[in-house]
Amino acid sequence: MSSFDRQQASFLSSMSAAASKLGTGGTKRTLAPPSPSPSVGSTTSAAAAGSATPRRDRVDTPANIVYSQPAMTGTGDSIISQMAYAVTWLRGKDEPQTCAAVLSYLSATARPEKEQEFFVEQMRRHPKIQWIPDPSLSEQTWRSGTYVHRPTIPGVKDKTSLLAHLQKKTDASGVSVKDLKDGWPECEPAIAELEREHRVLVVRAKKDGAARTVWLDDPSLFHQVDQDLRNAFLRVELPAQESMVARLMAAQLKPASEDPALKAAQQPNSKAVKKKKAQRRTGKATNVHMQGLLKDYSHTKR
């Protein structure tokens, strides 16, 4: 009998003895002594004997699984996510769409009818979606009518409508390009063309030069300045800011701002000690009739 067979027989006998002891209710439970640890030679022979049927303690996992990333769960199924997808889809459509087309795009046609009806009612209340009732029906249902995207600035889709919208403004505020892109995503090339024609004024970002705000401009007010005159204007040196006020006063001109040196001298010293206010005593003294008892007589002791 090999060493592995002896160890196996010893282990089985110890297990049966432990099982009989655990099964008895009245006897005291004791643990069987551990079997002696096998030597290097016995483990080598055991591995050689059991190489025909190797034991697999762990299941091999695929190496391409990344546990730090969430699994792909598809698009959001909540009504907020579905409504955002519907608004984005309608923004890219020029023609009105039926509710069946919207639900088909969202893969929501297999849902219960109550859920579809609730979603359509929420679409009609959405500020970015406009519902067009069916004129051929006297009574509208939740399936009737069509839906279009309602942009922030409605009706502005080209250069002509943009100029008309700017001319209708009663104040001097500009139009945000972000609001224009809500209903006219490809507005930047048209804005750049109108800017070159001096028909709009554009404020651009310093980082990437993207248009941010647009104002109305008048091309008749634009006059081309000769380059020689521009160069001569740029060669004129301006005095320093500190001496600007003194130079203006020397020329008997009233400066628009005060002298920074005089302004600093006229400022009060912040380090001046502030006068403390006298603390006002509030309240009324009590126990006036016991003033004689509370008087200190410690100095009369001998």
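The values are calculated or read from the model by the stated rules, or taken from the named source; none is laboratory data. These numbers come from a predicted model, not from an experiment. Cβ coordinates were reconstructed from backbone atoms using ideal geometry, including for glycine residues, and neighbour counts include every protein chain displayed. Surface accessibility is based on the protein's heavy atoms, side chains included, excluding ligands, DNA and RNA. Shrake-Rupley method; radii C 1.70, N 1.55, O 1.52, S 1.80 Å.
Largest first, the residues Met290, Met83 sort by 1.4 Å accessible area into Met290, Met83. Among the listed pairs Lys93/Lys128; Lys128/Lys178; Lys128/Lys157, no Cα-Cα separation exceeding 19 Å is found. Projecting label points 7 angstrom from Cα along Cα→Cβ for Leu238 and Ser220 puts them 3.2 nm apart. Between amide H atoms placed 1.01 Å from N, distances below 5 Å from Leu216 occur with Leu201, all of them 5 or more places distant or on a separate chain. Note on surface exposure: Arg150, Arg235 rank Arg235, Arg150 by accessible area, highest first, 1.4 Å probe. Computed from the Cβ-Cβ distance with R0 of 45 Å, the FRET efficiency linking Asp208 to Thr146 stands at 0.75. For a straight C-alpha distance cut-off of 18 angstrom, no aspartates and glutamates are reachable from Lys295 once same-chain residues fewer than eight places away are disregarded. Taking a ≥ b ≥ c as the square roots of the eigenvalues of the alpha carbon gyration tensor, segment 89-131 is oblate, as a/c is not under 1.5 and a/b does not beat b/c.
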